[in-house]
Amino acid sequence: MRLLWLGVLSRRFQHVPLRDTCRQASRGAKANKAGWEEKVENSVKWRQLEHKGPYFTPAYEPLPDGVHFFYDGKPVKLSVAAEEVATLYGKMLHLECATKEVFQRNFFRDWRKEMTAEERKLITHLDKCDFVEIHKHFMEKTEARRTLPREKKQKLKEEAEKLQQEFGYCILDGHREKIGNFKTEPPGLFRGRGDHPKMGMLKRRVMPEDVVINCSRDSKIPKPPAGHQWKEVRSDNTVMWLAAWMENIQNTFKYIILNPSSKLKGEMDWHKYEVARRLRGVVNKIRAQYQADWKSPEMKKRQLAVALYFIDKLALRTGNEKEEGETADTVGCCSLRVEHVRLHGKADGQEHVVELDFLGKDSIRYNNRVTVEKLVFQNLQHFMEDKDPGDNLFDALTTASLNKHLQSLMEGLTARVFRTYNASVTLQEQLRVLTRGLPDYPVQKEMVESGIALWFLPLPQWDIVQPTQEAEDSLTSKVLAYNRANRAVAILCNHQRAIPKTFEKSMQKLQQKIETKKAQVTEAQVELEKLKADLRTRGGSKSKRRGIKPGQ
């Protein structure tokens, strides 16, 4: 699928007739060729949908007799419900989140709800609870699974494959399509991203009575587990999900959906890039309008124009309104506060420099220093006047008003469309440079007009591919170029993962391996020189015995 969309992206912003693009896509998706040619119009997503429903997490298995929970130094036999929640905490003792006060407080409150009246009367303080034996038990189980004999691992693999074949596929408009994740989430303790205020809360076990099944009316309705029934069975062909339920932490719906390689997911991706192509036709007009609005006498218009500039040039998300205390303190463009912005009249030899530092989606830090237009800089100064650090930067703007404005500019336009458009332009330009090995890093006119070139420094000389004709035809070379182009897109969109807790240790191990290899190379070179010297010595001795003079 990746190669398919790489081919589509390479033509995404060229004047390729729409019907030709669809034909190219349909030829690339061999397994779903018919599906690509049968795109359903309007809001109807499918005509036939049949599946087995979700696979539910197996019932809890009580702890063995030799593993105990202790309270105030004494072993306590817990009820099954309370013991299950206790094991969820015991498994996490080695994790940093389990040491946080908010995690412990939320866990203890939810755990007590699962206890019997007698258990609640006895267990009143978390600091008197001892989960060490439980933790040790599960660590040993994890290690035992890791060291299973090959035969048992193969058996487990076969069982997983059997489960996949039974629950992991559906029939969609006559085609057998793979399902993304057919299992319900097991019960657990919520972690969240960053310092989430709900971390430690109990994620309850999903039961059939929580699940809404979606399938076609003429299909065979999946059977719920024995003794249970579905919350609801419906036939809604305007949505893509097969089953849904509401989780109890954020009170949001969880869905079982199709695999990314499926027909419908492919169509959604296709549609996403088609909307970005439409933006290409009006983007210069939109930019001219928000640049003119920088001078507007209306504060709301100026704030809207500067926010749209950030969304366009820096690929920022809008940032949704949310209730305080319900989620981590993450922000987007519309919810930026004064404390997230620093203005520098001059910095690093540049004028009008803006430094942004905040936690974005999934508590991933966004930290960027960019040069902006003079009017943008002056407007930001005005927006920040007489405000406290915790005040909103765009106090006259809301996410709803921004989205409404975007829709008025182009049907279907959102901040995400800007991200898709600018990311695609970046990918296309990077691929052009990296596959041709141009060290001077030429920039296409469209990149200059879009302003994307302002945010990227030329790639270092060692990072430029300098292909020969053979290298240009090499699959390895193409994959390398594609990965490097994707890295540039990731920088633009701030796509990154949090640093793993074991990062430093892993880097130390890698450095040790490097040093070991260097030492081995040095030893080999010394040994080689000795062998060469020995060979020359033996060669000279033979010449003397034969009476051969040097130079003969």
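Here each label is just a point 7 Å from Cα along the line to Cβ, and for Asp362 and Glu385 those points are 4.1 nm apart.
Taking the inverse of the mean reciprocal distance over all distinct Cα pairs, the Kirkwood hydrodynamic radius of the stretch 224-264 comes to 12.4 Å. Net charge of the neighbourhood of Glu83, taken over other residues with C-beta under 15 Å away and scored Lys/Arg +1, Asp/Glu -1, is -3. Each distinct pair of alpha carbons in the stretch 201-303 adds a 1/r term; the inverse of their mean, the Kirkwood radius, is 18.1 Å. Cross-link pairs exceeding 24 Å between alpha carbons, from the set Lys52/Lys178; Lys113/Lys198; Lys157/Lys263; Lys203/Lys263: Lys157/Lys263; Lys203/Lys263. Which value in Å is the Kirkwood Rh of the stretch 69-151 over different Cα pairs? About 13.7 Å for the stretch 69-151. The 3J(HN,Hα) values that the Karplus relation (6.51, -1.76, 1.60; θ = phi - 60°) gives for the stretch 521-535 are, in residue order, 5, 4, 4, 5, 5, 4, 4, 5, 5, 4, 5, 4, 5, 4, 5 Hz. Gly and Pro appear as x. Other residues with beta-carbon under 10 Å from the beta-carbon of Leu189 carry, at +1 per Lys or Arg and -1 per Asp or Glu, a net charge of +2. Amide H contacts of Phe69: Val76, each under 5 Å away and 5 or more positions distant or on a separate chain (H built 1.01 Å from N in the peptide plane; Pro and chain starts excluded). Across the alpha-carbon set of the stretch 243-357, the Rg to Rh ratio works out to 1.07, Rh being the Kirkwood radius. Restricting attention to the stretch 296-413, the count of lysine pairs at 8 or more positions apart or across chains with alpha carbons under 24 Å apart stands at 21.
log₁₀ I(q)/I(0) of the stretch 334-419 at q = 0.13, 0.15 Å⁻¹, via Debye over equal Cα point scatterers, no solvent, to two decimals? One equal scatterer on each Cα of the stretch 334-419 leads to -0.52, -0.69. 3J(HN,Hα) along the stretch 82-90: 5, 5, 4, 5, 4, 5, 4, 6, x Hz, from the Karplus curve 6.51 cos²θ - 1.76 cosθ + 1.60 with θ = phi - 60°, whole Hz, x for Gly and Pro. Using bins of 5 Å that start at zero, the share of Cα-Cα pairs per bin across the stretch 240-287 amounts to 5, 17, 14, 13, 13, 13, 11, 9, 4, 0, in whole %.
From the alpha carbon centroid of the stretch 41-112 to that of the stretch 168-198 is 17 Å. Placing unit charges on each Cβ (+1 for Lys and Arg, -1 for Asp and Glu) gives the stretch 61-166 a dipole about its Cα centre, and among Met139, Phe70, Thr124 the Cα reaching farthest toward its positive end belongs to Met139. This model, with +1 at the C-beta of Lys and Arg and -1 at the C-beta of Asp and Glu, gives the stretch 69-151 a dipole about its Cα centre of some 100 debye.
Near the amide H of Val233, within less than 5 Å, lie the amide hydrogens of Ile213, all on another chain or at least 5 residues away, with H placed in the peptide plane. In the stretch 189-328, taking the dipole from charged Cβ atoms about the Cα centre, the farthest positive-side position among Ser261, Asn214, Pro224 is held by Ser261. Ranked by the mean number of other Cβ atoms within 10 Å per residue, highest first, peptides 522-530, 93-101 order as 93-101, 522-530.
We did not get these values from a lab; they are worked out from the coordinates using the rules stated. Please read all numbers here as calculations on a predicted model, not as lab measurements. Counting neighbours? That spans all protein chains shown, and the Cβs are built from the backbone with ideal geometry, glycine included.
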